[in-house]
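K.L.:
Please see the structure below; I have some questions.
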Amino acid sequence: MKNGIISFEDQEDAYLKQLVLKNAKVKILLAETSKFEKSVTFSIGDISEFDYFITNENSAVSESSLENSSLKIIY
């Protein structure tokens, strides 16, 4: 995730996750801090499209960048 964009290294993985998200009623993103600020080729969307974001450190997310989002962050 870089600048709120969720991305993956593998094209097939990204495509499958896009299909799942398209049909999901509740969208949950799980990412550890080592994945932040990594930029990879295949994007599946923006963090604002998720309902919940679970991560291992509260300093990992700049809450000011999410102030207009209904995203619930769990540490």
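K.L.:
How far apart, in nanometres, would the label points at Leu16 and Tyr52 be if each is projected 7 angstrom from Cα along the Cα-to-Cβ direction?
P.N.:
Simple spin-label model gives 2.2 nm for this pair.
K.L.:
Let me ask something else about it. Provide the FRET efficiency to the nearest 0.05 for the Ser34-Ser70 pair, computing r from the beta carbons and using R0 = 22 Å. Before the final figure, lay out each step's value.
P.N.:
Working: r = 26 Å, r/R0 = 1.20.
About 0.25, to the nearest 0.05.
K.L.:
So for the chain: antiparallel DSSP bridges make up what percent, rounded to the nearest 5?
P.N.:
Numbers: 5 of 11 bridges.
The antiparallel proportion sits near 45 percent.
K.L.:
Net charge near Glu9: determine it from the other residues with C-beta under 15 Å of the C-beta of Glu9, scoring Lys and Arg +1 and Asp and Glu -1. Intermediate results must be reported in sequence, preceding the final value.
P.N.:
Values: positive: Lys2, Lys17, Lys35, Lys38; negative: Asp10, Glu12, Asp13, Glu37.
Once all neighbours under 15 Å are counted, the net charge is 0.
K.L.:
Hey, another quick one. What angle, in degrees between 0 and 90 and rounded to the nearest 10, separates the Cα long axis of helix 11-23 from the longest principal axis of the Cα atoms of the chain?
P.N.:
For helix 11-23, the angle is close to 70 degrees.
K.L.:
Would you order Val40, Val20 from fewest to most other beta-carbon atoms within 10 Å of each residue's own beta-carbon? Each step should come with its number before you reach the end.
P.N.:
Numbers: Val40 15, Val20 11.
With the sparsest Cβ surroundings first, the list reads Val20, Val40.
Only the coordinates and a few stated rules stand behind these numbers; no lab work does. Worth saying up front: this structure is predicted, and the values here are computed from it rather than measured. Using ideal geometry, Cβ is built from the backbone for each residue, glycine included, and neighbour counts are taken over all protein chains shown.
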